[in-house]
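A quick write-up on the structure given underneath.
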Amino acid sequence: MLGDATNWDEDAYRESLYKEREVQTRTVFRTAWAPSLSGCPESIVVASSDGSIASYSIASCISKLHSGYGNTKSLLAAEPHCFLQGHDGPTYDVKFFDAGDNTLLLSCGDDGHIRGWRWNECTDIEVPIYLQGSHIEPVMDLMNPQYKGPWGALSPIPENNAIATNAQSGSIFSAAGDSCAYCWDLESGKIKMVFKGHSDYLHCIVARNTVNQIITGSEDGTARIWDCKTGKCIQLLDPAKDNKKQKGNFSCVRCIALDASESWLACADGRSFSVWNLPASDFISRTLTRSSMQDMVFCDNQILGVGAEPLLTRFDIHGSILSEIQCAPQSAFSVAVHPSGVAAVGGYGGLVDVISQFGSHLCTFCCQYR
């Protein structure tokens, strides 16, 4: 029996399809554990492909699972405690800038901006979630420079793919799409230094604050170590140098990780990653992986990695696999480890998987937005 199409709204139907597709393809690009007075993993901040930044209570997610809100057939749709519409276009990275009582939540994205919000304003929010988004004004808004071309035309604003911080010097470092890294002064909001040398856009950046250096990874297939005093590159790392000699074989440095002592560096280039001892400037090992590595982090003397398969893999310092844990995102872009050992994996589908230090799944949720 045919339905009555008299009141059919084609535009509304098309809009509903677009919205459903957007939800299905939403991607979590970064997860970051929020600071807490108890020292326990209480909440996690998520940066997503729709430009949003949202914080979620882990205790709330776990309690809802135990209350029957989630089951094996349907994932828990978690409501954030705080929701910010941070950027026009995807938000690629979030970091916390430790400034004592005035800790800042920093973010960067495809629009070329770095923005900062007071974290205590985010945690003390009393506005209903459906009214949140632009309810808190950022206290900091930095924009990458544009350059004049022929006839005075301005270049597009390059995106920011990652950020790093140095609280002692009051600096924010960004990995930009114009192949440069920038050092921003937090107090003045101005660029203190530009690091030039890569031949293609930057994917990642970490700060080695004990020796006043930064390390960048680029689409050009190299990682570079920079002196923050002079802005000069003091060491070039080429993880896949031997592979590049083979015709048609090229890999970018997609992610890098630095251990707590700032002595060990891991670089992921395509389906492999390499480990370096920085004080000795020694290459230690290179390990082949089944799929592309998209994020890594050190956990004590081990390396946790995620990539284009639904696995959280734990390696030793020489690249041997110690464990593999199934995780919810079919392709994962972020792994964040709390000091307690709890890991949060985020990726495709707007999914976040919280895994204990013993490998058990504490909760898995789908990021729910307004």
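The values are calculated or read from the model by the stated rules, or taken from the named source; none is laboratory data. The shown structure was predicted, so the numbers you read here are calculated from the model rather than taken from an experiment. Ideal geometry is used to build each Cβ from the backbone, glycine not excepted, and the neighbour counts take in all protein chains shown. Keep in mind that these areas ignore ligands, DNA and RNA; they rest on the heavy atoms of the full protein, side chains included. Shrake-Rupley method; radii C 1.70, N 1.55, O 1.52, S 1.80 Å.
Brief remarks follow.
- Relative to the longest principal axis of the Cα atoms of the chain, the long axis of helix 10-25 lies at roughly 40 degrees.
- The relative contact order of the chain, computed from alpha carbon pairs under 8 Å that lie at least 6 residues apart in sequence, is 12 percent.
- Accessible-area rank, largest first, for ASP101, ASP269: ASP101, ASP269, with all protein chains present and a 1.4 angstrom probe.
- Stretching the chain fully between CYS40 and TRP8 yields a gain of 6.3 nm (0.36 nm per residue, less the alpha carbon separation).
- Counting only DSSP beta bridges with both residues in the stretch 161-309, the antiparallel share comes to about 100 percent.
- Accessible surface of the chain, 1.4 Å probe, proportion on carbon and sulfur as whole %: 50 percent
- Segment ALA280-SER331, length gained on full extension (0.36 nm per residue, minus Cα span): 14.9 nm
- Tensor-based shape of the stretch 185-241 (alpha-carbon gyration tensor, a/c under 1.5 rounded, otherwise prolate or oblate): prolate
- Within the full protein context, the accessible area of ARG286 is estimated at about 80 Å² for a probe radius of 1.4 Å.
- For the stretch 133-148, 3J(HN,Hα) per residue [Karplus equation, 6.51 cos²θ - 1.76 cosθ + 1.60, θ = phi - 60°, Hz, x = Gly/Pro]: x, 10, 6, 10, 7, x, 8, 8, 9, 10, 10, 4, x, 9, 10, 7
- Short-range pairs are left out: with C-alpha atoms under 8 Å and at least six residues apart, the relative contact order of the stretch 186-343 is 13 percent.
- Kirkwood-Stokes translational diffusion coefficient of the stretch 121-164, alpha-carbon pairs, 25 °C, 0.890 mPa s, µm²/s: 172 µm²/s
- Computed extension length for SER360-HIS135: 77.3 nm, one decimal, from 0.36 nm per residue of separation with the Cα-Cα distance subtracted.
- At 1.002 mPa s and 20 °C, Stokes diffusion of the stretch 217-370 via Kirkwood alpha-carbon radius, µm² per second: 132 µm²/s
- Radius 12 Å from Cβ of THR364, net charge of other residues (Lys, Arg +1; Asp, Glu -1): 0
- Accessible surface of HIS361 - all protein chains present, 1.4 Å probe, nearest 10 Å²: 90 Å²
- Taking a point 7 Å out from the Cα of GLU187 in the direction of its Cβ, the residues of the stretch 161-180 whose backbone N falls within less than 19 Å of it are 165-173.
- Look at the Cα gyration tensor of the stretch 138-264: its axes a ≥ b ≥ c give a/c of at least 1.5 with a/b at or below b/c, and that counts as oblate.
- Cα-based shape type of the stretch 205-306, given that a ≥ b ≥ c are square roots of the gyration tensor eigenvalues and the cut on a/c is 1.5: oblate
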